[in-house]
Amino acid sequence: MVLFPQHSEENAVAICVENVEAGLRLKKPQSSHIKKAIKDVIMNKSYKKNAEKMSYDFQQYQADKMASDFIEKIIQESQKM
């Protein structure tokens with residue numbers, strides 16, 4: 001992954017991706033930086049491997065189920081009041 005964050009939340013995500021070595025965060029939107037980052041990510045297979053692991057981890061997390069369970073719990077508790 002090559003990321004160019006525009007907002008603070010995106011920057012936080014880009015830093016996390018960079019920390020687990022699943023991609024590179026661009027700091028300047030210059031064509032030479034973009035070209036080098038893309039080349040580095042394509043040539044270094046560990047980025048792909050780490051991005052696939054990150055994807056797998058996200059899929060195992062089941063955030064949608066956790067969120068719906070949490071919402072249902074709040075609704076049930078509020079109906080008891």
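The values are calculated or read from the model by the stated rules, or taken from the named source; none is laboratory data. On a predicted model such as this, the values are computed, not experimentally measured, just so you know. Please note: Cβ atoms are built from the backbone with ideal geometry, for glycine as well, and neighbour counts cover all protein chains shown. When the accessible area is computed, the model is the full protein with side chains, heavy atoms only, and any ligands, DNA or RNA have been set aside. Shrake-Rupley method; radii C 1.70, N 1.55, O 1.52, S 1.80 Å.
Structure notes:
- Lys-Lys pairs in the chain that are eight or more residues apart or on separate chains and whose Cα atoms lie under 24 Å of each other come to 24.
- Solvent-accessible area, 1.4 Å probe, carbon plus sulfur percent, for the chain: 59
- Mean separation of Cα contacts under 8 Å, 6 or more apart, over the residue count of the chain: relative contact order %: 26
- Each other residue within a Cβ distance under 14 Å of Lys28 adds +1 if Lys or Arg and -1 if Asp or Glu, for a net charge of +4.
- Across the chain, counting alpha-carbon atoms alone, Rg and Dmax equal 18.3, 61 Å.
- Taking the Cα centre of the stretch 34-81 as origin and assigning +1 to Lys and Arg Cβ atoms and -1 to Asp and Glu Cβ atoms, the resulting dipole is close to 540 debye.
- Per residue, the chain exposes 84 Å² of solvent-accessible protein surface, assessed with a 1.4 angstrom probe and all protein chains in place.
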